[in-house]
Amino acid sequence: MTSAAADIRYLHESHPQGTETYQIAPGILWARLPLPFRLNHVNVWLLRDPDGWSIIDTGADTKDARALWEALFAGPLADAPVNRLIATHGHTDHVGLSGWLVERAGGVPFSSTLGEWMSAQVRLWDSQSKPAIDTAVRYLTAHGCDADALASYAADRERTQALLGPIPPSFTRLRDGETIRLGERDWEVIVAGGHAIEHASFWCAEDRILIAGDQILSRISPMIGVFPAMPEADPLADYLDSLPRFKALPADALVLPSHGLPFYGLHARADQLAHHHELRLDDLARLMDKPRSAMELARSLFARAVAEGQGRLALAETLAHANYLVGRGRAVRTKTADGRILFGRAVGTDGELMAAH
Ligand SMILES: [Zn+2]
């Protein structure tokens, strides 16, 4: 692993502070918004059109983020109107302020993939829906959560939910493979699954710049999770399937991720991310020496995250890996008479398949 760090080279060793912006390339500004999570920031990109600005992503709906946007409107964005807002995906830290920003900019068009626009809309009413809450409680209980965990995950979910403001009620649909013009450049839309249902990245072939969103991050691995609305989903397969598409782009591309620092080393990073999941899958298969609940597995696989109050996401990530193993015949999912769901290693496998992959 000695070469891993050397394969990634950062464009800047620092990031913009407060209301600062950094110029990434002519006509592309980088701003960084605060997030009230352990992951404490999200990057947004301001692209100068001939007659205004296109904005990519918004941050979560917090007082601090709104204040920072007001400073950006009064500062770097003051010379021309905002033309449009584009979302990489529908997670709270990316679209939390989308409805607000669209109105703040005077009712500008909003662009997103269909899957992301809809999933953000669903999350807004999902949190108020008793059937959805009951389903989540049943799901978490079946996977081994006790009453304390249920209470703390519900509170965690509510805290996150409060950061998702209104989603623009109308939008322009982004489709995979189409080309859009943003800030005097053409960008190919790359729609991929895994982290989100239909996450959009934007590729400028002429200048070899990838606005990667959360699909490829520089230091951390994008969250790949299974949630109560789609308990048998296999998002890890979607995610791993997406990596070759990014490796097909030039190795010297400049990558602009939504978290962390812009970097060079796209191919190496895609390999590292795939390898990271292979190791996780092997670890998880080893932990399945007998049928265990997903929560029990999460406490071993992500001990630190669970201890630090991130149990809900650790469980989601564990289930993503468990469902992947089940889908490939390496693990079996069983249901006990009292409704608990357990994962065990499939008979005849030893959990060591991915190393040769
Ligand atoms: Zn994000």
If you take the residues of the stretch 267-294 that are of a type outside the set (Lys, Arg) and closer than 27 Å to Ala60 by Cβ, which of them is surrounded by the most Cβ atoms within 10 Å (Cβ to Cβ)? Leu273
Answer residue from the stretch 136-153, given it is more than 15 Å from Arg340 (Cβ to Cβ) and surrounded by 16 or more Cβ atoms within 10 Å (Cβ to Cβ) and is farthest from the chain's Cα centre (by Cα) among those: Ala136
Please work out if Phe227 is in a strand (DSSP E or B) and either among the aromatic types (Phe, Trp, Tyr) or under 23 Å from Ala136 (Cα atoms) (or both). no
Can you spot a residue in the stretch 194-212 that is modelled with pLDDT under 95, surrounded by fewer than 19 Cβ atoms within 10 Å (Cβ to Cβ) and outside any helix (DSSP H, G or I)? no
Give, as residue ranges, the helices (runs of 4 or more DSSP H) completely inside the stretch 29-144 that count at least 1 residues that are within 15 Å of the ligand (Cβ to nearest atom). 63-74, 92-95, 98-104, 114-126
Tell me, yes or no, whether the stretch 11-23 has at least one residue that is aliphatic (A, V, I, L, M) and within 16 Å of the ligand (Cβ to nearest atom). no
Pick from Arg280, Arg345: which is among the charged types (D, E, K, R) and under 22 Å from Ser218 (Cα atoms)? Arg280
Do any residues in the stretch 212-226 that are in contact (Cβ under 8 Å) with a residue 12 or more places away in the chain and over 16 Å from Ser201 (Cβ atoms) have Cβ atoms under 6 Å from those of residues that are more than 10 Å from the ligand (Cβ to nearest atom) and among the charged types (D, E, K, R), where the two are at least six apart or on different chains, and which pairs are they? Gly225/Glu317
Give me the pairs: first residue in the stretch 253-265 and part of a loop (DSSP other than H, G, I, E, B), second residue surrounded by fewer than 20 Cβ atoms within 10 Å (Cβ to Cβ) and among the small types (Gly, Ala, Ser), beta-carbon distance under 6 Å, and six or more apart or on different chains, which are they? Gly260/Ser218; Leu261/Ser218
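One line per residue, one yes/no per condition, for (1) under 18 Å from Trp30 (Cα atoms); (2) among the charged types (D, E, K, R); (3) more than 15 Å from the ligand (Cβ to nearest atom); (4) at pLDDT 95 or above:
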{"site": "Pro222", "(1), (2), (3), (4)": "no, no, no, yes"}
{"site": "Gly225", "(1), (2), (3), (4)": "no, no, no, yes"}
{"site": "Ala229", "(1), (2), (3), (4)": "no, no, yes, no"}
{"site": "Leu236", "(1), (2), (3), (4)": "no, no, yes, yes"}
Of the residues that make up the stretch 302-310, is at least one modelled with pLDDT under 95, over 30 Å from Cys204 (Cβ atoms) and within 16 Å of the ligand (Cβ to nearest atom)? yes
Hey, any hits in the stretch 176-190 for a residue that's of a type in the set (A, V, I, L, M), closer than 20 Å to Asp49 by Cβ and within 16 Å of the ligand (Cβ to nearest atom)? no
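The values are calculated or read from the model by the stated rules, or taken from the named source; none is laboratory data. It should be emphasised that the depicted structure is a prediction, and the values quoted were computed from it without experimental measurement. Every residue, glycine among them, receives a Cβ derived from its backbone with ideal geometry; neighbour counts consider all protein chains shown.
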